[in-house]
Each structure stands twice: as structure tokens, then as C-alpha cells.
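All remarks here apply to the structure that follows.
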Amino acid sequence: MTSGDNPIDFVHLSRQTGGDQALEHELLALFADQCVRQLSRITDLSRDAAQRRDAAHTLKGAARAIGAWSLADAAHEVESALS
């Protein structure tokens with residue numbers, strides 16, 4: 001799935017939230033926090049591969065939930081590489 005030039009598929013996000021814009025903003029803020037947390041874990045080479053793979057898997061799911069398809073695909077590639 002793609003969203004054209006947009007990093008987030010806002011049509012998908014709107015479907016996920018029933019069009020509730022306040023909920024969309026809340027989910028995007030939570031997603032931003034999740035990105036920071038999981039990317040830190042993925043790039044922390046002091047963690048073992050399983051921990052880094054789990055962080056990539058978590059990021060993939062979070063990205064798919066809001067329609068960040070390209071990020072979800074990239075996280076999937078990292079997850080696969082660490083398997």
C-alpha cells in the first residue's frame with residue numbers, strides 16, 4: 001500500500017478513528033513518541049538482535065495502524081534482517 005507522496009495515509013487514519021480529528025491528533029502524538037522509543041532501541045547496538053527485532057516489529061505495527069506504509073515496510077525489512 002502506498003499513500004503517494006505523503007508519509008502518512010490520512011484516509012486510512014481517518015477510517016481508523018472514525019473521522020475523529022482529536023483522536024487522530026492523539027494517535028499521531030503517541031505514534032511520534034513510539035517512533036523515538038523504538039528507533040532508539042533498534043539502533044542501540046548494546047541490545048541483542050532479538051530485542052532490536054522486537055522493537056522493529058513494534059514499530060511496524062504502530063506504523064501500519066496509522067497508515068505510515070513506507071515506515072512499516074522499512075521496519076519490516078529491519079525485523080527480517082535481525083531474524
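Given their separation in residues at 0.36 nm each and the Cα-Cα distance between them, Asn6 and Ser83 gain 24.8 nm when the chain is fully extended.
Net charge around Ser14, counting only other residues with Cβ within less than 10 Å of its Cβ (Lys, Arg = +1; Asp, Glu = -1)? Within the 10 Å Cβ shell, the charges total -2. The overall shape of segment 44-83 is prolate: from the C-alpha gyration tensor, with semi-axes ordered a ≥ b ≥ c, the ratio a/c is 1.5 or greater and a/b exceeds b/c.
Applying a length cut-off of 20 Å (Cα extent along the axis) and a mean Kyte-Doolittle floor of -0.5 to the DSSP H helices of the chain leaves 21-43, 49-66. With the simple spin-label model, which puts each label point 7 Å out from Cα in the Cβ direction, the Ala49 to Gln16 separation comes to 3.0 nm. Which entry in (1) -0.40, -0.46, -0.95; (2) -0.30, -0.36, -0.79; (3) -0.34, -0.41, -0.98 is this structure's computed log10 I(q)/I(0) by the Debye sum over Cα atoms at q = 0.11, 0.12, 0.19 Å⁻¹? Identified label for the calculated read-out: (2).
Under a Cβ-Cβ cut-off of 13 Å, what is the net charge of the residues other than Leu71 that fall near it, where Lys and Arg count +1 and Asp and Glu count -1?
-2
Within a Cβ distance under 14 Å of Gln34, other residues only, what is the Lys/Arg minus Asp/Glu net charge?
On the way: positive: Arg37, Arg41, Lys60, Arg64; negative: Glu26, Asp33, Asp54.
Result for the local shell: +1.
Per-residue packing, averaged as other Cβ atoms within 10 Å, sorts the ranges 18-24, 28-34, 52-58, 74-80 into the order 52-58, 74-80, 28-34, 18-24, beginning with the highest.
Every number in this text was worked out from the coordinates using simple rules, so none of it is lab data. These numbers were taken from a predicted model, which means no experiment stands behind them. All Cβ positions, glycine included, derive from the backbone under ideal geometry; neighbour counts span all protein chains shown.
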